[in-house]
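In what follows, a single structure is set out as structure tokens and then discussed.
The values are calculated or read from the model by the stated rules, or taken from the named source; none is laboratory data. From a predicted model like this one, the values you see are computed outputs, not experimental measurements. In this analysis, Cβ positions are derived from the backbone assuming ideal geometry, glycine residues included, and neighbour counts consider all displayed protein chains. Ligands, DNA and RNA are excluded from the accessible area calculation, which covers all protein heavy atoms including side chains. Shrake-Rupley method; radii C 1.70, N 1.55, O 1.52, S 1.80 Å.
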Amino acid sequence: MGIKLYYTTVTASRTVKSQQGEVTRILDSKSIQYELIDISLGSELRDDMRRKSGNPGAVPPQLFNEDQYCGDYEMFSEAVEADTVEQFLKLV
């Protein structure tokens, strides 16, 4: 599967929970298949997400097409507003 969504099931941040929910709702509404990767299952997953994104302080949600970084929630949100989600996710 191409699209990977790094997220966490363990967070006290309402913002992170809300952003993760919005991303999954939008992907589902557009019938875009994706793989969920829960970084709370191990620090190596979190470190992998940060390394791949090029941001040592990156927090979920982070989106990738395979190992190619697409962006974070803010960038995804901008693509939704511009109706360019497929381009953002490098699907076209």
Scan of segment 22-44 for residues that are open to solvent by 80 Å² or more (accessible area, probe 1.4 Å) and polar (S, T, N, Q), ordered by number: 29, 31, 33
Residues located in segment 5-21, provided they are of a type outside the set (Ser, Thr, Tyr) and either open to solvent by 80 Å² or more (accessible area, probe 1.4 Å) or free of Cβ contacts under 8 Å to residues at least 12 places away in the same chain (or both): 10, 12, 14, 17, 21
Subset of segment 49-92 [within 10 Å of the chain's Cα centre (by Cα) and on the phi > 0 side of the Ramachandran plot]: 71
Residue count, segment 54-76 (criterion: within 19 Å of residue 14 (Cβ to Cβ) and either in contact (Cβ under 8 Å) with a residue 60 or more places away in the chain or in contact with a Leu (Cβ under 7 Å, 6 or more places away or on another chain) (or both)): 2
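Evaluate the following for residue 50: is it without any contact (Cβ under 8 Å) to a residue 12 or more places away in the chain, basic (Lys, Arg) and over 15 Å from residue 3 (Cβ atoms)?
yes
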So residue 56, is it touching a helix residue (DSSP H, G or I) at 6+ places or on another chain (Cβ under 7 Å) and surrounded by fewer than 12 Cβ atoms within 10 Å (Cβ to Cβ): yes
Selection from segment 43-81 of residues that are among the small types (Gly, Ala, Ser) and either within 15 Å of residue 20 (Cβ to Cβ) or part of a helix (DSSP H, G or I) (or both): 43, 53, 58, 71, 77, 79
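Does residue 2 satisfy being modelled with pLDDT under 95, more than 20 Å from residue 90 (Cα to Cα) and open to solvent by less than 40 Å² (accessible area, probe 1.4 Å)?
Details: modelled with pLDDT under 95: yes; more than 20 Å from residue 90 (Cα to Cα): no; open to solvent by less than 40 Å² (accessible area, probe 1.4 Å): yes.
Spelling it out, it is not the case that residue 2 is modelled with pLDDT under 95, more than 20 Å from residue 90 (Cα to Cα) and open to solvent by less than 40 Å² (accessible area, probe 1.4 Å).
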Extreme residue, nearest to residue 4 (Cα to Cα), among residues of segment 59-92 that are aliphatic (A, V, I, L, M) and surrounded by fewer than 12 Cβ atoms within 10 Å (Cβ to Cβ): 92
